[in-house]
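*Asks:* Can you keep this structure in mind? I'll have questions shortly.
The values are calculated or read from the model by the stated rules, or taken from the named source; none is laboratory data. Nothing here was measured: the structure is a model prediction, and the numbers come from that model. Positions of Cβ are backbone-derived with ideal geometry, glycine not excepted, and every protein chain shown enters the neighbour counts. Quick note on the areas: whole protein, heavy atoms, side chains included, nothing else; ligands and nucleic acids left out. Shrake-Rupley method; radii C 1.70, N 1.55, O 1.52, S 1.80 Å.
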Amino acid sequence: MKRPVLIWLAATFCVAANAQDLMTGPLASVSTQLQPVKTGNAQFVQKLEASQPNYRATFSVTKTSDKGNGDEGTYFLNLSDLDASSVTYKVEKDVIAVMADTKQHRKFVRYSENGELKSLTDRVKLYADNPDIAKALVESLKKVIVAAEKAYKPARTPESLDDLRQWLKTNIGTEAIGSDKYEQTLTFDQGNPLRAVFRRSEVGAKGSASTETYSFNLGDLSLDGLQVEAKGKRFELSLVAQQKQKLMGYAKNGKLDNVVQSFEIISGDADKIRDIAAAWRKLIPLAIRQLESRKPVFASMVSAQKYLEASVITAKADNRTIEQTLKPDCICTYIRRETDNKNNTEEVYEFNLADLAEKGAKLGVDKELYAIDLKTRDNRKLIGYTKNGVRQNYVSSLELAADNLENVRYMAQAFEKAVQICAQSRKSPVPTASQQARLDWIREQLPKDLGEKELTSYSLAHESGTCDLKLTVTQSGRKTSELVYDLALKDFNADATSFDVDGKTVYVSLVTKGKEKLVKTSKDGKPSDYVHTVKIQLGDLEKVRYVAEAFKQLIRNCVPN
């Protein structure tokens, strides 16, 4: 900005040499009307300084008391920010105040007292010592505002994405606002021009500095969140991720701290911050389109598998490292080894992709890392889980980690495709040839010596046909016990037959019609209580899924029409 040209109060006004200057006439009138104003106990001396471009101006009002104490208030603003319809005057005891408010009362006027910058304000207040001068000043100010609106031209910003990036990089810089200093830089990744890093160092009056760093993708920004606000002495331009998602990496003083949804660019100049906002307003739609054009197409299981396997890599934060591998077949294994300052853990998850909810993969955050959360259909606990080699309860969700959003940006879509394909391609191993074939297949799946301390074995026999069965459950530990169930399949409800998970165990539930106690039992050769539910435990989720299916088919074929 050029050095201000001082326009002093005087009965006459020195006309600028530029006859084409639309502001010369209106400003001259205002300056003429800004005369010293004497009140009962003080005097106001007012002056106007016009800058180049001269729609920017400074009004200063010095109030001197009868005792000689003086206070100077100064307003610096773009005159086009004032609302011509708001200009009015008001009698305040022994003086007349002439006031002009900004459009929509936005705090776009810088104000200082005795050279000390104060909070931004939305009003300019001048004075007159009689109604005629007040009315004339009101009319002149209105003309100044209209002329400024015509004269004000925002900076011309480029049109292409590359040029806009360069323009922003050049125009976002250090800002000195009062006693505070903000050093700001915007840089871009050479390998991925949509990846950007914004750094802001705040240097206080005592010289202490703190640095905040935000890493983000230009295509993740939203026009909806792009706005300029007055915060105390400064202007802040907020840039917000689409749908306010936490997509921005954040570090404080070089230390990874969190994942956030927004950051602010700071300026002390309303025109400058508006020009920067206008550049972002052009850039964001271009970046969104370019990011969308890079979106991979997962047309097959192979393409989804390749993306998933390549994307799940080591993730690092300041105090922890997560080594992870994913074998993304329909029967999937995810291994996660996490090392931090306190301990090391190894977790192994085993699950069928077809068991995941179709939209069950969601991008989330885990402190300073990005995360992909996977959930099962209906939140059923169908994911096998082992921690440090010890089998744990089945779970309904798991979390993959990443320290770079680009590694996992399209992981949800890849999982969605893989889930669809695995669900469609899932084939049942249950024989369809005959009841006997189904029964024989079930027998082959029943476990022998299941468990650790107490071993459990199952056997299934039939006496007359395949609809009347005997299930024998043998438990051996310190002593051996035997429980026998007489299964008349016609008494069972095929629709109620299911596989269930209880903690670390999976089992098939056979339930009688109406849960009536129709199943005869005997324990160690002696008659025992009748029951309505029979549970068959298996050690493998995939087995139990299809054993339940086989029993359903057996039961349906045993129920008389």
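*Asks:* Counting only the backbone N, which residues of region 42-56 are under 20 Å from the spot 7 Å out from the Cα of Lys118 toward its beta-carbon?
*Replies:* 42-49
*Asks:* Counting only protein heavy atoms and a 1.4 Å probe, tell me what percentage of region 130-174's accessible area is made up of carbon and sulfur. Kindly include the intermediate steps, with their values, before the conclusion.
*Replies:* Working: 1270 of 2540 Å².
That share works out to 50 percent.
*Asks:* Moving to a separate point now. Taking only C-alpha pairs under 8 Å that are 6+ residues apart, what is the relative contact order of region 236-373 in percent? Mind showing how you got there, number by number?
*Replies:* Values: 175 pairs, mean separation 25.2, N = 138.
Relative CO of region 236-373 lands at 18 percent.
*Asks:* Trypsin sites (Lys or Arg not before Pro), restricted to region 361-434: which are DSSP loop and have at most 11 other Cβ atoms within 10 Å? Write down the numbers at each step before the final one.
*Replies:* On the way: sites: Lys362, Lys367, Lys375, Arg377, Arg380, Lys381, Lys387, Arg391, Arg409, Lys417, Arg426, Lys427; in loops: Lys367, Arg380, Lys381, Arg409, Arg426, Lys427.
Passing sites in region 361-434 are Lys427.
*Asks:* Hey, another quick one. How far, in nm, would the chain grow between Arg294 and Asn343 when pulled straight, counting 0.36 nm per residue and subtracting the alpha carbon separation? Don't skip to the answer; put the middle values down first.
*Replies:* Values: separation 49, 0.36 × 49 = 17.64 nm, distance 3.97 nm.
Full extension of this stretch gives 13.7 nm more.
*Asks:* Here's something else I'd like to know. Per DSSP helix of 4 or more residues, -39500 (n - 2.57); summed, then divided by the residues of the chain. What does that give at 222 nm, rounded to the nearest 500? Walk me through the numbers before you get to the answer.
*Replies:* Working: 9 runs with 125 residues, N = 561.
Using -39500 (n - 2.57) per qualifying helix, the result is -7000 deg cm²/dmol.
*Asks:* Give me the percent of the accessible area of region 334-391 that comes from carbon and sulfur atoms, probe 1.4 Å, all protein chains in place.
*Replies:* Values: 1290 of 3000 Å².
Reported share for carbon and sulfur atoms: 43 percent.
*Asks:* I need the trypsin sites (Lys or Arg not before Pro) found in region 516-546, filtered to DSSP loop residues with at most 15 other beta carbons within 10 Å of theirs.
*Replies:* Working: sites: Lys517, Lys520, Lys523, Lys535, Lys543, Arg545; in loops: Lys517.
Loop-located and lightly packed - Lys517.
*Asks:* Points 7 angstrom from Cα along the Cβ direction at Ser397 and Ala209: gap in nanometres?
*Replies:* Each label point lies 7 Å from its Cα, and together they span 4.2 nm.
*Asks:* Sticking to Cα atoms, compute the Rg of region 164-281 to one decimal and its Dmax as the biggest Cα-Cα distance, whole number, in Å.
*Replies:* Gyration radius and largest Cα-Cα distance of region 164-281: 13.7, 39 Å.
*Asks:* Provide the per residue accessible area, probe 1.4 Å, for the chain, rounded to a whole number of square angstrom.
*Replies:* Numbers: 28700 Å² over 561 residues.
On a per-residue basis, the chain sits at 51 Å².
*Asks:* With all distinct Cα pairs included, what does the Kirkwood hydrodynamic radius of region 46-188 come out to in Å, to one decimal, could you say?
*Replies:* Values: mean 1/r = 0.0574 Å⁻¹.
One decimal place: 17.4 Å for the Kirkwood radius.
*Asks:* With charges only on Cβ, +1 for K and R and -1 for D and E, what is the dipole size of the chain about its Cα centre, in debye, rounded to 20?
*Replies:* Once rounded to the nearest 20, the dipole reads 260 debye.
*Asks:* Can you bin region 379-424 into rounded, prolate or oblate? Criterion: square roots of the alpha carbon gyration tensor eigenvalues sorted a ≥ b ≥ c, rounded for a/c under 1.5, prolate for a/b above b/c, oblate for the rest. Write out the running numbers ahead of the final one.
*Replies:* Details: a/c = 2.99, a/b = 1.32, b/c = 2.27.
It is oblate, given that a/c is not under 1.5 and a/b is not larger than b/c.
*Asks:* Could you give the nm distance between label points at Asn69 and Lys523, where each point is 7 Å from its Cα heading toward the beta carbon?
*Replies:* 9.6 nm
*Asks:* Let me ask something else. How high is the relative contact order of the chain, in percent, with contacts defined as C-alpha pairs under 8 Å that are six or more residues apart? Walk me through the numbers on the way to the answer.
*Replies:* Details: 1191 pairs, mean separation 37.7, N = 561.
With pairs under 8 Å counted, the relative contact order is 7 percent.
*Asks:* Another question, then. Show me the trypsin sites (Lys or Arg not before Pro) within region 278-310 that DSSP assigns to loop and that have at most 15 other Cβ atoms within 10 Å of their Cβ.
*Replies:* In loop regions of region 278-310 (DSSP not H, G, I, E or B), the sparsely surrounded trypsin sites (Lys or Arg not before Pro) are Arg294.
*Asks:* If all Cα-Cα distances of region 213-352 are sorted into 5 Å bins from 0 onward, what percent lands in each bin, rounded to whole numbers?
*Replies:* Computed distribution, short to long bins: 2, 8, 12, 13, 15, 15, 12, 9, 7, 5, 2, 1.
*Asks:* Separate question: Considering every pair of different Cα atoms, what Kirkwood radius, in Å, is found for region 461-553? Mind showing how you got there, number by number?
*Replies:* Numbers: mean 1/r = 0.0718 Å⁻¹.
Result for region 461-553, one decimal place: 13.9 Å.
*Asks:* May I pose another question? Among 98-104, 368-374, how do they line up by average Cβ neighbours within 10 Å per residue, starting with the highest?
*Replies:* Ranked from most to least packed, the peptides come out as 368-374, 98-104.
*Asks:* Can you give me the long-range amide H partners of Asn493? Hydrogens built in the peptide plane at 1.01 Å from N, cutoff under 5 Å, separation of 5 or more residues or another chain.
*Replies:* Val511, Thr512, Lys513
*Asks:* Turning to a different aspect of this structure: What whole-number distance in Å separates the alpha-carbon centres of region 57-88 and region 509-524?
*Replies:* Region 57-88 and region 509-524 have Cα centres separated by 92 Å.
*Asks:* Label Asp132 and Glu454 with points 7 Å out from Cα along Cα→Cβ: what is the distance between them in nm?
*Replies:* Calculated label separation equals 11.0 nm.
*Asks:* How large are Rg and Dmax for the chain when only the alpha carbon atoms are used, in Å?
*Replies:* For the chain, the Cα-based Rg and Dmax read 38.5, 123 Å.
*Asks:* Moving on to the next point. Would you mind checking the pairs Lys47/Lys153; Lys143/Lys272; Lys470/Lys513; Lys103/Lys150; Lys231/Lys282; Lys153/Lys244 and listing those with alpha carbons more than 27 angstrom apart?
*Replies:* Details: Lys47/Lys153 25 Å; Lys143/Lys272 25 Å; Lys470/Lys513 19 Å; Lys103/Lys150 15 Å; Lys231/Lys282 25 Å; Lys153/Lys244 32 Å.
Too far apart for the 27 Å limit: Lys153/Lys244.
*Asks:* Sort out for me the Cα centre separation of region 350-397 from region 224-284, rounded to whole Å.
*Replies:* Spelled out, the Cα-based centre of one part sits 34 Å from the other.
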